[in-house]
């Protein structure tokens, strides 16, 4: 247990600057999204009208999406280890590759839990102010974003793990960046195959991108429990894949 605590403390200390920066960014975004509440936009709806649900979905979705991206993104630890020479030095240390990979996964899960709690706190404020339960929407968007960004992170880590020094890291870093871009491009093509319209695909006559009925169906599916179960299953698989990639990255090799 002491070994895991030391590994965990090491990773958190090395990534603390990026962690504080990401926390500051999401807090500033959440503060910006709370301006309508501060101005009393949801306090007394005029004429008995319901609260603007579309605005709640937009704000909660933006904060959840941003939190998921920050939680799942690469924390730069692997690059720092290679630059400092710690990766080579770790081959002679007592911690095994499996233990180091487990520490990496625990740190990643802590990031996910922390930013998830921040997103949930923001959603709770809007749930009270607008009288609309958006927790299901928040959870699915957040975990979906985490899964998507973790896939990119896994591809990056898998490529970068072959670097042994700074020179190799520069070359493989470019390859990893291109590989991550390829994954995003493939996801975009997949959405086009499903006929999912992007913001640039407006109606030529200036009409809406999506009808109210289709939008309501989309929100219903996004908030459903079945969607949550599917995303949780995907999240479990991606976490296992992340662990295996990091395990391979920390395996002892001849320097």
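Throughout, read-outs are computed from the coordinates displayed, never taken from laboratory work. Because the structure is predicted, anything quoted here is derived from the model rather than measured. So basically every Cβ, Gly included, is an ideal-geometry build from the backbone, and we count neighbours across all protein chains shown.
Observations, loosely collected:
- When each of 171, 60, 152 is scored by the number of other beta-carbon atoms lying within 10 Å, the sequence from fewest to most is 171, 152, 60.
- Length-normalised contact order of segment 77-170 in % [C-alpha pairs under 8 Å, at least 6 apart]: 48 percent
- For segment 1-148, the relative contact order is 40 percent, taking Cα pairs closer than 8 Å that sit 6 or more residues apart in sequence and dividing their mean separation by the residue count.
- If you plug the beta carbon distance of residue 162 and residue 135 into 1/(1 + (r/R0)^6) with R0 = 30 Å, you get a FRET efficiency near 0.10.
- Label positions at residue 89 and residue 27, each projected 7 Å from the Cα along the C-beta direction, are separated by 3.2 nm.
- Cα-projected label distance for residue 106 with residue 174, points at 7 Å along beta-carbon direction, nm: 3.8 nm
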